[in-house]
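The values are calculated or read from the model by the stated rules, or taken from the named source; none is laboratory data. Keep in mind that this is a model prediction, so the values were computed, not measured. Cβ: placed from backbone, ideal geometry, glycine included. Neighbour counts: every protein chain shown. Protein only, heavy atoms only, side chains kept; ligands, DNA and RNA dropped before computing areas. Shrake-Rupley method; radii C 1.70, N 1.55, O 1.52, S 1.80 Å.
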Amino acid sequence: MATGRLGVGETLGALNTALGPGDPVWFKETRARHLRARDFLAPRPALQARFGDGQVPERVVRAVAGLQGPGVAPVLRCAPTPAGLALQLQRPAVFERVLGAVAAYVAPAAPAAPGPRVLLHCPALRGAPGALRLSQLRAVLVADHLARALRAHGASVRLVPAVRDPHMPTFLQQLHVDWPAASERAATEALRSLALAELSPARDGEALPPGVLGTVCLKEVMQERGRAGGYDPNLDKCLGRSWSLAGPDRRWGTLRSWLASTVLSAVTEDLLCALAELQEAVRHGPGDGPPGLAAAPDADAGSCMVVHVVSCEEEFQQQKLDLLWWKLDEQAPLTQKHLVCGPVKAAGAPGALTAPEYYDLRHAQVCKASAQKRGRELARDPAWMEVVRVLSVATIKFEMLSTAPQSQLLLALAGGSISTKGTKSGTFVMYNCARLATLFEGYKHSTEQGRYPTFPPVSSLNFSLLQDEGEWLLLFNGVLPFPDVLSQTAALACAAPGLHTTARTETMCKFLVQLSMDFSSYYNRIHILGVSTQQRGGCLQGCKGSKGRDQQAPSLLQEPRPHLFGQMFARLQLLRAVREVLHAGLAMLGLPPLNHI
C-alpha cells in the first residue's frame, strides 16, 4: 500500500501545469451535488480565455487524464462537460492512500530546518482580567490560536507580555489560553538613559505631566525610516500616559478627536517598560519551536518578525511604541507588523461587558442547557461541570474566531440558552466529537463481549466498499485537505509592504464546523456498527424487524460471513481519520476533545 501523502495543492498545481502557461484555472469541488460527478473542474469561461474557442486540445486532455507525480491524486477520468473540463479521481485508490496513512494528514510535515522567529505581542494582557474589553479578549484568543498554528509549522514563537496581574493566569487557564507569566518587570535603566538623551524637554518652561520623561517627534522617525505608510498622521498629538487610552464605551472616532486635541507625543515610564520587555524578548532567544530544532547560530534581532496583535482601540498607542522602539534601539527588528482585530459589538447585552462577564454569561447559558437536557442532579456533578466549562470555552472561541479577525464581530447574547443543535456553534462541534468517542467506545465494548471481531490490519481493508457519497465528502473535504487548512491558519501576510498584516485565523473554526455538519449528516443516515437490514438479507433471523440504529444483532460473530464486516471496518477506519482530524483541529484552538456530552 502506497503511503506517500496526497495533497490538494500538489494536485491542483499539476493540473494547472498540464494545461500549459497561464493563470491557475482548476479548482477543487466542495459541494455534495457537484462531487457526485466530479472532483475538480476547469470552468468553461477560463478555458475559453486560455484556448480561444474553449476547445481543449485532445493532447492536453490526455495529459490531464494520465497525470502522475509526488502528492498528485490518481486520476480516473477527465472529460469535457457543459460546465468545463471535469476530472474525477480514482476514489478507492484515494481512500486507500489516505486511510492507510492517517497520521500523515493530521499534522504538518516535520520541518527539516528551523522555522522563522516570531514574536507575538498582545498588549491587552498588560492589565487585569476585569479591565479586558471584548475586543481585547478577541485579540488575546487570536494571538493564542496563531501561536499554536505557527508552532505546528516549525516557527519559534515567543509571547509578550508575560502577564503580571495575579488574577490573569487563572482567567487565561479558564479559557484554555497558554500564555507565560512573570513576577518581575523588565529593567528599563538602559532605555531610560537613551530616552533622556534623545527626548526633548518641556517647551517654554512648561512642566511635564507626572510620569512623562520628555517628548519626541515621531514623524521625523517615520521619515528617517521611510515607514510613513499605514501610520496615523496624528501620532505627534498623542500624550500616551497609559497603555489603554479609551474607555470601554468610547468610539474610535471620538478617541481620535480627543487625541488630536492633546499635546505633542510624550514618552512615559509605561511605554519604556513595554519597550524594554519587547527588546529583551527579541534578544533573549528564538522562542519555543518544535522539539529537536535549535535556533540558527547566527540568529539576531533583525531576523525576528514582530507581530503586534491589537484591538482597534489599542492600535494608535502601538504605532507610537513601534516608532519609539526604532528611535531608541538601532537593533530593533526591521519587520514589525500590526494584526488589528476589528471591534466587537454585543447585541442584547446590558451595557458594556467585560471579558469575565462575557464568560460568566456563556457559562450560565451552557449550565442552563445542561440542566434542561440532563437533569439538575447530573448538572451539579463535578465531572459534568468540567464538561460544561469546556463547552463554555468552545462557545466563546468559536464565536470570537469564526469571523476574520480584521472584520467587525457582532455577538448575539440575548436568548439565554445554548443549544448543541445549532450547526454553527462550538457546542455543535464538541457534541459531534463526543458522538465519535461514543461510537468507538461502543465498538470496543461490543468487541470485548464477543459481538464483533477485533479490528483487522488496515492494509487488509477493502475501501472499494465505501461508496456512499457522504463517505467521499468526509474524506475529500475533511481528511485530505486538512494539511492545507493548517497551512492557511499559520499564514501571515508579512511580505507585503505597509504596516498592517492579515491572518486567516477563522479558517480552522469554519473547517471544523463544516466537518461536523458532514459527519452529523452521515452518522444520522448510515449504520456504522453492524450491517444494515438490506445487507443482512435473511441470514440474521430474529433481527429482521429490528428498529433503531443502536440495536445490534447479538449473533453477528457467530455468522460464518466475515465479508459482512468489511464495510463496517472500512467505515470505522474512515471515522477514525475524521476523529483524528477533529482532535488535531481542536488542539489548534486549545480545546480538549470530549468523550461524552
*Of the residues that make up the range 487-504, is at least one part of a helix (DSSP H, G or I) and of a type in the set (A, V, I, L, M, F, W, C)?*
yes
*Taking residue 389 as the residue in question, decide whether it is at pLDDT 90 or above, under 30 Å from residue 311 (Cβ atoms), open to solvent by 70 Å² or more (accessible area, probe 1.4 Å) and of a type in the set (Lys, Arg).*
yes
*Which condition number does residue 501 fail, the rest of (1) open to solvent by less than 60 Å² (accessible area, probe 1.4 Å); (2) of a type outside the set (Gly, Ala, Ser); (3) closer than 29 Å to residue 91 by Cβ being met?*
(3)
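Picking from 73, 63, which residue would you name as being surrounded by 13 or more Cβ atoms within 10 Å (Cβ to Cβ), touching a Leu at 6+ places or on another chain (Cβ under 6 Å) and at negative phi?
Result: 73 is the single residue among 73, 63 that is surrounded by 13 or more Cβ atoms within 10 Å (Cβ to Cβ), touching a Leu at 6+ places or on another chain (Cβ under 6 Å) and at negative phi.
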_Residues that are at negative phi and either assigned to a loop (DSSP other than H, G, I, E, B) or of a type in the set (Asp, Glu) (or both): does the range 40-52 have at least one?_
no
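Yes or no, residue by residue, for (1) assigned to a helix (DSSP H, G or I); (2) at pLDDT 95 or above:
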residue	(1), (2)
92	yes, yes
140	yes, yes
151	yes, no
154	no, no
*asked:* Here are the criteria: (1) surrounded by fewer than 13 Cβ atoms within 10 Å (Cβ to Cβ); (2) within 20 Å of residue 10 (Cβ to Cβ). Tell me which single one residue 57 does not satisfy.
replied: (2)
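Considering the range 157-174 alone, what residues qualify as being in a helix (DSSP H, G or I) and open to solvent by less than 20 Å² (accessible area, probe 1.4 Å)?
Of all residues in the range 157-174, those in a helix (DSSP H, G or I) come to 168-174.
Within the range 157-174, 168, 171, 172 meet the criteria.
Mind telling me which of the residues 494, 509, 543 ends up being open to solvent by less than 60 Å² (accessible area, probe 1.4 Å), at pLDDT below 75 and more than 25 Å from residue 13 (Cα to Cα)?
Working: 494 fails: more than 25 Å from residue 13 (Cα to Cα); 509 fails: at pLDDT below 75.
Within the list 494, 509, 543, the selection yields 543.
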_Tell me which strands (runs of 3 or more DSSP E) are completely within the range 265-341 and hold 3 or more residues being of a type outside the set (A, V, I, L, M) and modelled with pLDDT of 85 or more, or say none if there are none._
304-311, 335-341
*asked:* If residue 16 satisfies all but one of (1) modelled with pLDDT under 90; (2) part of a helix (DSSP H, G or I), what's the number of the condition it fails?
replied: (1)
*List the pairs whose first member sits in the range 82-109 and is more than 24 Å from residue 570 (Cβ to Cβ), whose second member is of a type in the set (D, E, K, R) and in a helix (DSSP H, G or I), and whose Cβ atoms are under 9 Å apart, counting only residues at least 6 apart or on separate chains?*
82/44; 83/44; 84/44; 85/44
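Looking at 107, 124, can you tell me which residue is touching a strand residue (DSSP E or B) at 6+ places or on another chain (Cβ under 9 Å) and closer than 30 Å to residue 171 by Cα?
Values: 107 fails: touching a strand residue (DSSP E or B) at 6+ places or on another chain (Cβ under 9 Å).
Criteria check complete, one pass: 124.
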*asked:* Take residue 56 and tell me if it is part of a loop (DSSP other than H, G, I, E, B) and closer than 16 Å to residue 22 by Cα.
replied: yes
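Let me confirm something: among 413, 409, 436, which residue is modelled with pLDDT of 95 or more and open to solvent by less than 70 Å² (accessible area, probe 1.4 Å)? Spell out how you get there, then give the answer.
Working: 413 fails: modelled with pLDDT of 95 or more; 409 fails: modelled with pLDDT of 95 or more.
Exactly one of 413, 409, 436 is modelled with pLDDT of 95 or more and open to solvent by less than 70 Å² (accessible area, probe 1.4 Å), namely 436.
May I ask you to verify whether residue 521 is under 25 Å from residue 434 (Cβ atoms) and open to solvent by 10 Å² or more (accessible area, probe 1.4 Å)?
On the way: under 25 Å from residue 434 (Cβ atoms): yes; open to solvent by 10 Å² or more (accessible area, probe 1.4 Å): yes.
Taking the combined requirement at face value, the residue satisfies it.
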